[in-house]
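Participant: I'd like to ask you about the structure that follows.
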Amino acid sequence: MKMDNAATSHYLRRRGSLVLGSILAAVVSLSQAAPPDPYLRPTIIPAASDNQFSQARVELGKTLFFDPRLSGSKWISCATCHNPALGWTDGLPTAIGKDMKVLRRATPTILNAAYQKRHFWDGRVKTLEEQVLIPITSEAEMNANLFEVLDRLAAIPGYVKMFDLAYPGEGITKGTLAKAIANFERTIVSTESDFDRWRKGNRTAISESAKNGFRIFTDEEKGRCVLCHQGFNFTDNGFHNIGLKGNEDLGRFAVVPVKILKGAFKTPTLRDVAMTPPYMHNGAYKTLAEVVDHYDRAGEDKNEIADPNLRPLQLSTQDKADLIAFLNSLTGRPLYISVPKLPQ
Amino acid sequence: MRAWTDNLAIFMLFTLLSANSARAAEYEVGQNKKRFTINGKKIEMLYIKVGDTVRFKNEDPFYHGIYSVSEISTFELGAFRKGQARNVTFNTPGRADIECAVHADMHMVIEVGASSAAKSALKNLRVSK
């Protein structure tokens, strides 16, 4: 906006027109008053009040994120499942845990976790600091004894130095371990996509098909996607039973035992969605086309607790292609992450 | 055996509560842009009296699922769409946390106070013992 004002002033000096100046000033004033586009990415990443960003913290968190010594077997790191080359997930229908055991839920991307109000598919924790310790200590996942991990890290001089730099005087504790990884994860946010360039005014940044797909997506009667996928992160931070076939997982109901939450799961972000197949909490669909078909027919399982927002959409083949073109336009530029050298 | 003064006090209490329920108020709480609202303005706390009714009305284009798991009131209103409303009458004094099952950040508190008539009846009851 500062640049906008400077450009305007320069233009006015050249023209020397008071009348035109008044009009332009009014336009600038109006544009300043206009609410920000809810579909554009925020310019600020929120941090926890007791865990502000710093380079040392992000670097430590990244190193820990890629370090398999955080697991009981010393073989699984956070990045094993949240693989940056696969959209920060694993490309599998559902995760594989300790001893190659197939788990019941898909690995969610960590992209934009900084903006999520609750974590895990069932939203059982509110902060990333709480979240990061759970897979590390989960018997089915990384199966680590936290005290052993902390002792292991404390015996590595490189880590002692890194922790001291990141959290001076706090030591290597459960708290600093969690804070460091959470701090790094918050930096994994969407980069600019073709969709963003279009929203900012580049009319040719996305195809006419994608533009129509966005219209269908946001039409509360036609596509109805926007009833759950809202705002720049395309999520309502809510929980819905979307009528998946054979879904016996209680989902959110296990956390909040309210009937309509049986089989309900968190609405995921759609940023970079083309990068993160398969889809749904149980990896039921391999492609976005299958996902669109699912919603077009109002789900598979018409159970009594399926989200009442679901209803047959009667989308045409072109409508579906347009929706997919729009979803593909949400892929951001590649986010370059340097692979850390693990301290020995 | 209960003293006749106790029986009289209990009788007076019920009479006063019944009289109070005739004057019970109704409040309309909207669900608007994933917030609890009164007349379009976000609210976090609503003070009501015993016997008052709160009408939860969905003003959003998507469904909400209002519920409460509190000592004074446990209810699930199910999913209801735009324009639909559900009434809840609060008959016990105390605090009720009201949430939306679908949108977990929606939260408000309803503080249910004993009506002034009921309050004095309760006070009399304590004195008579």
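Participant: Within 10 Å of each Cβ in peptide A:253-265, how many partner chain Cβ atoms are there on average? Round it to a whole number, please. Let's see the in-between values first.
Facilitator: On the way: counts 1, 0, 1, 6, 4, 13, 6, 10, 6, 0, 0, 3, 0.
Per residue, the average neighbour count from other chains is 4.
Participant: Run the reach check for residue A:341 against aspartates and glutamates, Cα to Cα strictly under 16 Å, same-chain hits fewer than 8 apart removed. What comes back?
Facilitator: A:59, A:67
Participant: Tell me, A:159, A:279 in order of fewest to most beta-carbon neighbours within 10 Å?
Facilitator: In increasing order of surrounding Cβ atoms, one gets A:279, A:159.
Participant: Would you order B:44, A:185 from fewest to most other beta-carbon atoms within 10 Å of each residue's own beta-carbon?
Facilitator: B:44, A:185
Participant: Would you list, by chain and number, the aspartates and glutamates whose Cα falls below 15 Å from the Cα of residue B:49, excluding same-chain residues fewer than 8 positions away?
Facilitator: B:26, B:28, B:111
Participant: While we're looking at this one, here's another question. Just list whichever of A:126/A:174; B:42/B:82; A:245/A:266; A:98/A:320; A:262/A:286; A:211/A:245 have alpha carbons separated by over 27 Å in the model shown. If you can, show how the numbers build up before the last one.
Facilitator: Values: A:126/A:174 17 Å; B:42/B:82 18 Å; A:245/A:266 17 Å; A:98/A:320 39 Å; A:262/A:286 24 Å; A:211/A:245 31 Å.
The pairs that break the limit, which is 27 Å between Cα atoms, are A:98/A:320; A:211/A:245.
Participant: Per residue, how much space in cubic angstrom lies within the convex hull of the C-alpha atoms of region A:157-222? Don't jump to the answer; show the numbers that get you there.
Facilitator: Working: hull volume 10.5 nm³, N = 66.
Convex hull volume per residue, Cα atoms: 159 Å³.
Participant: Okay, moving on. On a C-alpha basis, how far is the centre of region A:226-242 from the centre of region A:147-185 in Å? Whole number, if you could?
Facilitator: 35 Å
Participant: In addition: Hey, got the average number of other protein chain Cβ atoms within 10 angstrom for residues in A:297-308?
Facilitator: Numbers: counts 0, 0, 0, 0, 0, 0, 0, 0, 2, 1, 5, 7.
That average works out to 1.
Throughout, read-outs are computed from the coordinates displayed, never taken from laboratory work. Keep in mind it's a predicted model, so treat the numbers as computed, not measured. Because the Cβ atoms are built from the backbone with ideal geometry, glycine has one as well, and the counts that use them run over all protein chains shown.
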